[in-house]
Amino acid sequence: MASLSTQVDVSKLNLDLKNYRATPQSTEEDAVKVMIAISPDRFWALAQSILEDGYLHTENIITIDSGKKVNKLIVKEGNRRIAILKMAHGHFKLNKFLIPDDVRKQFESVTAKWKKENLLIPCSCYKATDFEIVDKIVNLAHGKGEKASRDKWTSVATARHNRAVNKASEPALDLLEKYLVSGKNITTHQKELWVGDYPLTVLQDAIGRMYARFELKSTVELAAKYPAVKYRTQLEAILNGIGAKSIGFSEVRSENPELCDSYSIPRLPSAVSPTTGSAAGVSTAGAAATSGTATTGTVTGAVTGTTGTSPTTTVSAGVSTSSTSKAFALNDPKSVAKILRRLQPTTLVWAY
């Protein structure tokens, strides 16, 4: 459906508190703080551009009405630009934000003429029922590289969009968002930054390799159960390390030691126990033994000190089978020679 293109007073434009770049925010001021924390260089570069040259009407701001009884225009594309304009027009108190000194001076030097020339902003306004087309526009609008241009979505924003719009499972994002709320080893600055800019692909790879160590069946279950999981402290140390970029793909994919080993997360009980003569859970009890250790190979005609029959044990790949065969006297050299000739050594391969 066609949008309505019109000039809108800055004061009538509302920042998107559910911007995919971050978790839902309570106020516009909070939304601005998160935008700054996620990408301060880009934010202040854009601010300087607007304050020096005014708002250039090269692209319309994309808005959608809230669809509520008290209707509002929600900015879906152009939140950083509108945030900066609102700061310049005095809708936010500058002392609420950490602003570089040179940029602060520019804000404080804004003239009445500048405010008048940058009060009405060209917008493409859509109805609430046009959500799908607006979402498509926003999704395609983040490919430029210049600092003062629109900022490309981070992996967090992309995952958040995928979860919200495509109803896709994003366990790494779910875990991250819960950690930002419940984590015991995270600072306020880290929360503001990581809510929108975090190495989510590294975390996704990590939990795919770790979840079994927590005695869980999937990454989805790990995200769902956190923070009530075993080894919570170790998990949070890994989450923090990934965010601080001291843990990357090389550490996550290391086999010696594995990431969980480095953080003292125990291995699961092994099914292999060569020291007790078992492999892959199959008993080798009854195998012929010398000095208390399992004999490798195939042994037929097991030696006994009496006549009659005795069990014959065959050991192959850690599996034991038993049958019966004729016994021979120990003091008969010919009999012993026969036994030795029939011994057929093979290599025992433990099923690790």
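The table that follows gives values for the structure above.
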| item | result |
| --- | --- |
| Failed item, numbered, when A45 is tested on (1) buried (at least 19 other Cβ atoms within 10 Å of the Cβ); (2) aliphatic (A, V, I, L, M); (3) more than 16 Å from E77 (Cβ to Cβ); (4) modelled with pLDDT of 90 or more | (1) |
| Residues of the stretch 68-91 satisfying the condition of being closer than 13 Å to N14 by Cβ and either under 32 Å from the mean Cα position of the chain (by Cα) or part of a loop (DSSP other than H, G, I, E, B) (or both) | K68, V70, N71, K72, I74, V75, K76, G78, N79, I82, A83, H91 |
| Contacts under 9 angstrom Cβ, first residue in the stretch 186-197 being farther than 16 Å from V32 by Cβ, partner of a type in the set (D, E, K, R), 6 or more apart | I186/E236 |
| E77 being within 25 Å of Y20 (Cβ to Cβ) and of a type in the set (D, E) | yes |
| In the stretch 179-200, residue modelled with the highest pLDDT [restricted to those that are surrounded by 16 or more Cβ atoms within 10 Å (Cβ to Cβ) and in a helix (DSSP H, G or I)] | Y179 |
| Members of the stretch 25-40 found to be within 14 Å of G196 (Cβ to Cβ) and either free of Cβ contacts under 8 Å to residues at least 24 places away in the same chain or in a helix (DSSP H, G or I) (or both), listed by number | Q25, D30, A31, V32, K33, V34, M35, I36, A37, I38, P40 |
| One residue from L239, L268, L235 being modelled with pLDDT under 95 and either of a type in the set (A, V, I, L, M) or in a helix (DSSP H, G or I) (or both) | L268 |
| Every pair of residues 6+ apart whose Cβ atoms lie under 9 Å, when the first sits in the stretch 45-65 and is assigned to a helix (DSSP H, G or I) while the second is exposed (fewer than 14 other Cβ atoms within 10 Å of the Cβ) | A45/E146; Q48/D102; S49/L56; I50/L56; L51/S109 |
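The values are calculated or read from the model by the stated rules, or taken from the named source; none is laboratory data. Just so you know, these numbers come straight off a predicted model, no measurement behind them. In this analysis, Cβ positions are derived from the backbone assuming ideal geometry, glycine residues included, and neighbour counts consider all displayed protein chains.
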